[in-house]
Structures are given as structure tokens and as C-alpha cells.
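I have placed the structure first, in the form of C-alpha cells, so that the comments after it can refer back to it.
The values are calculated or read from the model by the stated rules, or taken from the named source; none is laboratory data. None of these values were measured; they are calculated from a predicted model. All Cβ positions, glycine included, derive from the backbone under ideal geometry; neighbour counts span all protein chains shown.
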Amino acid sequence: MAPLRPVSAEEIESLAIGAWILGTGGGGSPYLALLNMRALYRQGAVVSLIDPLDLADDDLVAVVSNMGAPLVGQERLTDPRTIARAVTMMEEYLGRRFRAIMSLEIGGGNAIQPFMAAATLDRPVVDADCMGRAFPEAQMTSFAIHDLCMYPLMLVDVRDNAVVVARAASWKWMERLSRTACVAVGSIAATCKAPRTGKEVRECGILYSTSKAIRLGQTVQAARRAHRDPIEAIIEAERGQLLFTGKIADVARRATEGFMRGTARVDGLGDCRGQRFALAFQNEFAVGWLDGAPRVMTPDLICVMDTVSGEAIGTETLRYGQRVSVVVLPAPPILLTPKGLEHVGPRAFGYDLEFKSVFA
Amino acid sequence: MRRIGIDVGGTNTDAVLLDGDTVVHAVKTPTTADVTTGITTALRELLAAVAPAGPIDAVMIGTTHFTNAVVQRRDLTRVAAVRIGLPASASLPPFVDWPEDLAALVRGEVVMLEGGHEYDGRPIVPFDKTGMRDAARRIRAAGIASVAIASVFSPLNAECETRAAAILRQECPDAAVTLSHELGRIGLLERENATLLNAALVGLARQTTNAFTEALEASGLAAPLYLTQNDGTVMLAATAQAFPVYSFASGPTNSMRGAAFLSGLSDAIVIDVGGTTTDIGSLRRGFPREANNVVDVGGVRTLFRMPDLLSLGLGGGSLVGDDPLRVGPRSVGYRLVDESRVFGGEPA
């Protein structure tokens, strides 16, 4: 078995940058999670990555995420002890010890949650997640696409509250039950999702997404240091495409049913002058139209970035006048299968569009 | 309507008499160490040039004092930080994302107490008033004169902050208290940072606004005194004394509003090369375009409404060091004509 690979403090910084880009507008800013990791590393913690192929078939893996409204997360700041407690309480419930911890979604702040738990509990983090990006709902994971079991789920808050969802009739029921508990404790909770075996992670996870996010962040940092165009560097490294460059001309946002929904309009600059790009989002960017015609859609990764710095822009931080580049990155293959598209294609977000990948 | 506008920079003090939209007269004098003398001199020259001046309706002052204090890490008050919200947010205490040199100057006591609210107004846990009273006594014993209080979700329910302030008023009646809900919006860390910065500046604010008031009195002016705010509007000096962060960017805002007035342009880029900093901003419909997002002030992340400025620690009075080789951000400021080499000064 290959040794665990220690992750340096610098790599955690890169992870935060890369994960924010892979968040495709959602997942929440990784800033507060990053501050926690800086503190943990200053105290001597070092988290290691484990290659998913090194997991034994019956190793047990904790899948963690911070669940709730990003707005609440801006006031009740994420704490490593809370996510660690979700993991240890799940162990008590199962009567088994987790071999490693992994991320639900590699996009946004949840990319760093397993590191916070791992630093506290001295376990490795699996180099994988189950979205390869960020998505708003529980059934939008590769584990759900593979019809794996969705229960039990452990949800804890900062007080001494903990809820186990022992069974759920479907992934959508799991979403509904856990969401209700989450709202009751103040719309922010640490969760440990249905435990996975090493075999399940290997066969149904999105593998190596953690190291991919770290690499993506390093690409941006290297480009900035060299005074190169970070957008160009990202596209080159990730085999993406630049779809549009312009300036945000209008943003409409509303919070409905626990999500941030809305649209943004970008007026073209440079080569795109005279053209318009429209974006629709539900937490994450879902569809983009060029001059009225669908140009890009989920699950392709629609990333909106500051044109100069290459820093990702979340759907909650879009604002009039920002100069942005719209870049598309390839989605993990599992999301592009017919079953995958049922879960995360444009129709799953209410758009009556036949999925067509930019990369097809 | 006859108004006097004064801009107290780190280097020069400018005073202008406006009659309606007409500039009657303008004078420029070096800023003085005590501030008051410079303003008195400027006012004396201005009023002498237009005598008889007649009644003045208002005096507006803008100053870069507060932003310079943070950028240059001087004249700052030590602050006791009170965070109310445990058991939430415990791992990221006040000052957590401050540059270490600035935190070392400002950080006095750090107190974290149970309390705060949920997004829907329910308490997270009951407010720890006993802990607050103990903390207030420690703050008094430590001789800390300025306290910043931030409670979780206080923009929605400020009860914990106001109760904490009431206890402080009993236990340390002389301490200045800044409450986060009066300054910021959702975003605990950024709102708390703005509150801490404000608390760090209240000493300087009191000293500065008192100096302004004395200068007016010495010049025989009885007009109300206003300070310009970050957004280009004005506030009474008494308000500025409690909320110096609101006039944080009043120096560059002054020059941007002035540039709009003098050029007749309402949409333009304005570059203000001062003695200490060079500030670049954008005018939209005659007012500074605001940054809507996170604003970095002297390395501290905040969310309050500020002009979208690019501020470089580089101006006419910047100090040049040769080991290591660097220009700015420290400036000789108002000692420009004594200390800068072009005026015959000695190398620092």
C-alpha cells in the first residue's frame, strides 16, 4: 500500500482557490474554512491524503459537509470541532471506526470540511468527492446516481443537539428530512452523510478531485506570480474553454425554498463586444445563453471568474460592473451518462433543454 | 449659502470658501502636528482674503487622518474585543484574520461569551451577563479605554450588544463603546473587523474632531461642523467622533467630489496624488463609485460601504529606505517642506 501523502499548508491555500472555482458559483466561499485550517496547521496539524485505490473494500469512509444557508454560515462561523463531532457521533451510532474522511462536494467551502475533521481526529482525507464540483441538492451526487444507500445521516449543531436520520425512503426524502432538522437548529449544521465502504468510494466516487482542486489553485497562483493571465492558465491546464469576456450589466437574485436563484447578464468586452451572455443559477450556475441561444449547461462546469485575478465569483457575490470571464470546464464522466443527466442535467434544474456538452 | 470646505491631508491643509456654486477663494497651508494650527492658519488666510466674510452657514472637513493611522499603524487605541455568540464561532476569535503587526498594536483583552441570535431571531443560548460583568471589570483593571462588541446576528437582533454595553457603562463609565450592529451588515467577521477598527480609532477621532472645533472657535466661526463620509455625503462632527470609520475615506472622497465640481464631469476616473498616498477612484453621477464587496483596509477585511479605491502608499512625501530598498508607505507628511530633500532636508 502506498504511503499517505501529507498536504502542506501551501497546498491548503491552493485548495481553497481551486475549490472556489470548481464551486461554479456555489458551495460558499472557502475563506472561513481556510482560516480554520491556517490555525490548525499553526498548532502543528498536518493532514494526509489517501489514494482511494488504497482503501480496502470494507474500509469505512465518512462523507462530510457543512449543510445550510451560506448566509447563516457568515454569522455562525464554521468550527472544526463541530464537523469532527458529526463524524465521531456517527462512529458511535454505527459502532465502527472510520478509516478516512471525504468531501461531499469539492466545490466551495465543503472541499475543506473533511480537512477540518481530519486535522481534529487524526485521520486521512480521501482524494475524492461525489460531485466533482458543487450542486445544490442531496440527490445530485455520484453515489445517488449509482443508487447507493442514502442512510443513516448524522446532523449536529454547536450546542448539544444531534439528529440521526436512521432511514429514508429515497434520496429526495433524505434531502427533505435532513433539511427540516437543519432549519430547526438554525439553518447551519455539520453533517456526516451515509457511510461508504472503500469499494463504494472506488467504484462510485469522483476520484482524485481533491488533488485536482489543489492543482487548479496552484495554476492560478503560479500565473499570478508570473504576471500571466490566470484565466488562460486555467483553460490550458484543465482543457477548458473561454466562452465569454465582459462586464456584469445586471443581476437579479432571490432566496426561494432554501436556494439562491437568479440571473445575471454580461455585456461583452474586447472580442465579445456587441454580444450578450445570460446566466441562470440555483446556488450554482446552471445554464448560459449567448445572444439568446443556449451555449452551455449543467453538468458542464460553468465558472465565472474575475478577469484580472482569476478569482472565482460566487452567485452571492456577483455585482454590477465586475469584469468577468465565463469559462467552461469538463464535467466528470459519470455526470454525463443518461442516469447522471437525470440527476444533474438541465431538466433536473427545470430547464427544458436537451443536454449538449460544450466539449461534445 | 456660504460654506467653507477644508481638506486636512497628511501634508497640506486646503480651505475653500464657496458661495452657492462659486469658489470665492482658496488657500493652501502645510498641515501642522497639532492639526489645529494648520486649520486656524488656513481659516485666517481665507477669511482675511475675502473680508468682510459675512456669515458662514456650514464648515465641512475631510481628513485622511483615520486611514493614515491604520495604514501607518500609529495613533491607534488599544481595544477590548467582546464577541457574543458562543458556543458558535469559537474557533475563529476576534482579530483572527488581521495582519499580526496591526493586531499586536490594537489587541487588548479578547472576551468570548455565550449568547447571540439565530437568523430567525431566536437566541442561540442565553446571554452570559455574569461573564460580561466579569469581563467589564477585567477591562477596567487593564486600563483599556475602548471596547468593540459584536454579537452573532446582531443586525437582526441587537439585544445582546445593547445589554453588554449597559453593563460596560456601569463598570467602566469612561470607556468608549462601539457596537457592531450600528456599523455593519451580515458577515460576523467583517462586521466585527469594522467594529474593531472603529474602536481603535475613537481616541484619534475625539482628539481630531476636538481640534477641528477649537480651530473653528479660534477663528470666530459659529457655523455647524460636518465631516465628509465615505460615500461623499456629510455627517455632524459629533457623529464622526463616535464613528470614525464612516469618514475613513473622506480624504479621497473629498477630492473626488471636488474633481466632479471643478471639471463639471460626473463620470470620470480621478487620481489624487497626495503627500502620503495616491488614491485612484471612479466617479459615477458625481459621487464615488462604491465597492459592494469585501474592502481591505490596511490589511483588514471589512464589508462596509467604501468608495472603490485603489490606494497606494506612495505620495509626494513618501520615505525612501535603502535597506531594504523601498518607497513608502511611511511619509514625512506635514513635515514635507522641512524634511524632504528637494526642500533641503537631510536623508532620514
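At a glance:
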| item | result |
| --- | --- |
| Qualifying residue in the range B:78-94 (condition: away from chain A (no Cβ under 14 Å), surrounded by fewer than 22 Cβ atoms within 10 Å (Cβ to Cβ) and at pLDDT 95 or above) | yes |
| A:GLU75 vs. criteria free of Cβ contacts under 8 Å to residues at least 12 places away in the same chain and either touching a strand residue (DSSP E or B) at 6+ places or on another chain (Cβ under 6 Å) or under 30 Å from B:ARG191 (Cβ atoms) (or both) | yes |
| Within the range A:10-41, considering residues that are of a type in the set (S, T, N, Q) and within 13 Å of chain B (Cβ to nearest Cβ), the one farthest from the chain's Cα centre (by Cα) | A:ASN36 |
| Residue within the range A:300-320 that is more than 12 Å from A:TRP20 (Cβ to Cβ) and among the small types (Gly, Ala, Ser) present | no |
| Subset tally (residues that are over 17 Å from B:ILE124 (Cβ atoms) and within 12 Å of chain A (Cβ to nearest Cβ)) for the range B:143-186 | 2 |
| Test: residue in the range A:341-348 that is part of a loop (DSSP other than H, G, I, E, B) and either closer than 24 Å to A:GLU203 by Cβ or not β-branched (Val, Ile, Thr) (or both) | yes |
| Per-region count, the range B:4-24, residues surrounded by fewer than 17 Cβ atoms within 10 Å (Cβ to Cβ), of a type outside the set (Asp, Glu) and assigned to a strand (DSSP E or B) | 3 |
| Test: residue in the range A:233-241 that is surrounded by fewer than 16 Cβ atoms within 10 Å (Cβ to Cβ) and in contact with a strand residue (DSSP E or B) (Cβ under 6 Å, 6 or more places away or on another chain) | yes |
| Single condition B:ARG185 does not satisfy, out of (1) in a helix (DSSP H, G or I); (2) surrounded by fewer than 20 Cβ atoms within 10 Å (Cβ to Cβ) | (1) |
| Any chance B:ALA49 is within 12 Å of chain A (Cβ to nearest Cβ) and surrounded by fewer than 17 Cβ atoms within 10 Å (Cβ to Cβ) | no |
| Sole exception among (1) under 20 Å from A:GLY27 (Cα atoms); (2) within 14 Å of chain B (Cβ to nearest Cβ) for A:ALA86, by number | (2) |
| Top-ranked residue of the range A:149-184 - restricted to ones that are over 23 Å from A:ALA111 (Cα atoms) and part of a loop (DSSP other than H, G, I, E, B), ranked as nearest to the other protein chains (Cβ to nearest Cβ) | A:ARG159 |
| Within the range A:18-53, considering residues that are surrounded by fewer than 21 Cβ atoms within 10 Å (Cβ to Cβ) and polar (S, T, N, Q), the one nearest to A:MET67 (Cα to Cα) | A:SER48 |
| Matching residues, the range A:42-70, being in a strand (DSSP E or B), of a type outside the set (S, T, N, Q) and within 14 Å of chain B (Cβ to nearest Cβ) | A:GLY68 |
| Residue count, the range A:124-147 (criterion: touching a strand residue (DSSP E or B) at 6+ places or on another chain (Cβ under 7 Å) and either small (Gly, Ala, Ser) or assigned to a loop (DSSP other than H, G, I, E, B) (or both)) | 11 |
| Condition met for A:ARG81 (free of Cβ contacts under 8 Å to residues at least 40 places away in the same chain, assigned to a helix (DSSP H, G or I) and within 27 Å of B:ALA88 (Cβ to Cβ)) | yes |
| Hey, A:ILE101 within 14 Å of chain B (Cβ to nearest Cβ) and either under 17 Å from the mean Cα position of the chain (by Cα) or polar (S, T, N, Q) (or both) or not | no |
| Hits in the range B:1-34 (condition: within 18 Å of B:ASP338 (Cβ to Cβ) and without any contact (Cβ under 8 Å) to a residue 40 or more places away in the chain) | B:THR13, B:LYS28, B:THR29 |
| Among the candidates B:ALA175, B:ALA166, B:ALA205, B:ALA199, residue that is free of Cβ contacts under 8 Å to residues at least 12 places away in the same chain and either crowded, with 23+ Cβ neighbours inside 10 Å or closer than 30 Å to B:SER91 by Cβ (or both) | B:ALA166 |
| Tally of residues being surrounded by 24 or more Cβ atoms within 10 Å (Cβ to Cβ) and either more than 14 Å from chain B (Cβ to nearest Cβ) or β-branched (Val, Ile, Thr) (or both) across the range A:71-83 | 3 |
| Strands (runs of 3 or more DSSP E) within the range B:283-322 that include 3 or more residues at pLDDT 80 or above and within 14 Å of chain A (Cβ to nearest Cβ) | B:300-302 |
| Residue satisfying condition, being without any contact (Cβ under 8 Å) to a residue 24 or more places away in the chain, buried (at least 19 other Cβ atoms within 10 Å of the Cβ) and not in a loop (DSSP other than H, G, I, E, B), within set B:VAL270, B:VAL327, B:VAL342 | B:VAL270 |
| The range B:123-142, subset over 14 Å from A:ARG76 (Cα atoms) and either without any contact (Cβ under 8 Å) to a residue 24 or more places away in the chain or part of a loop (DSSP other than H, G, I, E, B) (or both), residue farthest from the other protein chains (Cβ to nearest Cβ) | B:ALA141 |
| Selection from the range B:305-338 of residues that are of a type in the set (Asp, Glu) and under 22 Å from B:ILE271 (Cβ atoms) | B:ASP308 |
| Looking only at the range B:245-274, and only at residues there that are closer than 16 Å to B:VAL8 by Cα and in contact with a helix residue (DSSP H, G or I) (Cβ under 6 Å, 6 or more places away or on another chain), the one that is farthest from the other protein chains (Cβ to nearest Cβ) | B:SER247 |
| Selected residue [at the interface with another protein chain (Cβ under 10 Å from one of its Cβ atoms) and within 27 Å of B:ALA249 (Cα to Cα)] from B:ASP97, B:ASP120 | B:ASP97 |
| Count - residues of the range B:70-100 that are more than 30 Å from B:HIS117 (Cβ to Cβ) and free of Cβ contacts under 8 Å to residues at least 24 places away in the same chain | 2 |
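Here's the yes/no breakdown for (1) under 22 Å from A:ARG85 (Cα atoms); (2) aromatic (Phe, Trp, Tyr); (3) surrounded by 21 or more Cβ atoms within 10 Å (Cβ to Cβ):
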| site | (1), (2), (3) |
| --- | --- |
| A:ASP147 | no, no, no |
| A:MET150 | yes, no, yes |
| A:LEU153 | yes, no, yes |
| A:ASP157 | yes, no, yes |
| A:ASN161 | yes, no, no |
| A:ALA166 | yes, no, no |
| A:ALA169 | no, no, no |
| A:ARG179 | yes, no, no |
| A:ALA184 | yes, no, no |
